[in-house]
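What follows is a single structure, written as structure tokens, with notes after it.
The values are calculated or read from the model by the stated rules, or taken from the named source; none is laboratory data. Predicted model, so just to flag it, every value in this text is computed and none were measured. With ideal geometry, Cβ positions are generated from the backbone for all residues, glycine too; neighbour counts draw on all protein chains shown. Side chains are part of the model used for accessible areas, which takes the heavy atoms of the whole protein and leaves out ligands, DNA and RNA. Shrake-Rupley method; radii C 1.70, N 1.55, O 1.52, S 1.80 Å.
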Amino acid sequence: GRLTGASLKLKGVRHRLTELNAELALKGNDATVSGLTAKVQGQSIQLDGTLRNLMPYLLFPDQRLAIDARLASPSLDLAALLHEEGGAQGTDYALVLPTLIDLDLQADIAQLAFEEFRADRIHTKLRLHDQVLRAAPLSFRTAGGTVAADLELDGRSAHASLAPCRRLR
């Protein structure tokens, strides 16, 4: 099937996907997604891959969705993605990791910004399972140099922690 100009709200995900266009091929409980383009808080993303257990996730409240895909974006503003709705503009951020979604993404982002911070050519393998997000390996260019690291974000508590797991250079 084909989605054109759709809007989608996933359970446990704060922001809605808008301007969603994609080719979907259903096979049992799974769906293969080709050429998905969408916007999240005005940020453009592209996705190709598999949505495992999609039908049970959509139909039943306790089912998990596993996304195994390649994600690309020309430019992301983390402040827009993390802004706490209803909070003071530009100062209240909240990262809420979904409890029923697992990710295994190869992510390529051309430019990324967070307030005054800027980075280019971000490449990483993103894995999310049980509200623990791991970016490993992660590399990007900033301030005239290259950063390479493994990072882990534990979002299971109200006080999410970010821990570098490997080298920075």
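Just one residue in the set ILE122, ILE109 is within 22 Å of LEU10 (Cβ to Cβ), in contact with a Leu (Cβ under 7 Å, 6 or more places away or on another chain) and among the β-branched types (Val, Ile, Thr); that residue is ILE109. Residues in the range 21-51 that are within 16 Å of the chain's Cα centre (by Cα) and basic (Lys, Arg): LYS39 only.
Do we have GLY12 as at pLDDT below 95 and either open to solvent by less than 60 Å² (accessible area, probe 1.4 Å) or of a type in the set (Asp, Glu) (or both) here? Yes. Residue count for the range 3-33, restricted to those that are among the basic types (Lys, Arg) and closer than 14 Å to ASP48 by Cα: 0. Can LEU81 be described as in contact (Cβ under 8 Å) with a residue 60 or more places away in the chain and closer than 22 Å to HIS15 by Cβ? So LEU81 fits the description; yes.
Collect the residues in the range 1-19 that are within 21 Å of PRO56 (Cα to Cα) and either part of a strand (DSSP E or B) or over 19 Å from the mean Cα position of the chain (by Cα) (or both), keeping them in residue-number order. Of everything in the range 1-19, those that are within 21 Å of PRO56 (Cα to Cα) and either part of a strand (DSSP E or B) or over 19 Å from the mean Cα position of the chain (by Cα) (or both) turn out to be GLY1, ARG2, LEU3, ALA6, SER7, LEU8, LEU17.
In the range 138-150, the residues that are within 15 Å of GLN111 (Cβ to Cβ) form Cβ pairs under 8 Å with partners that are β-branched (Val, Ile, Thr), at six or more places apart or across chains, as follows: SER139/ILE122; SER139/THR124; SER139/THR146; SER139/VAL147; PHE140/ILE122; PHE140/THR146; PHE140/VAL147; ARG141/VAL147.
Of the numbered criteria (1) at pLDDT 95 or above; (2) over 25 Å from LEU153 (Cα atoms), the one ARG52 fails is (2). Taking residues in the range 8-23 that are more than 18 Å from LEU82 (Cβ to Cβ) and acidic (Asp, Glu), and partners anywhere that are assigned to a loop (DSSP other than H, G, I, E, B) and open to solvent by 50 Å² or more (accessible area, probe 1.4 Å), the pairs with Cβ atoms closer than 8 Å and at least 6 places apart or on different chains are GLU23/GLY1.
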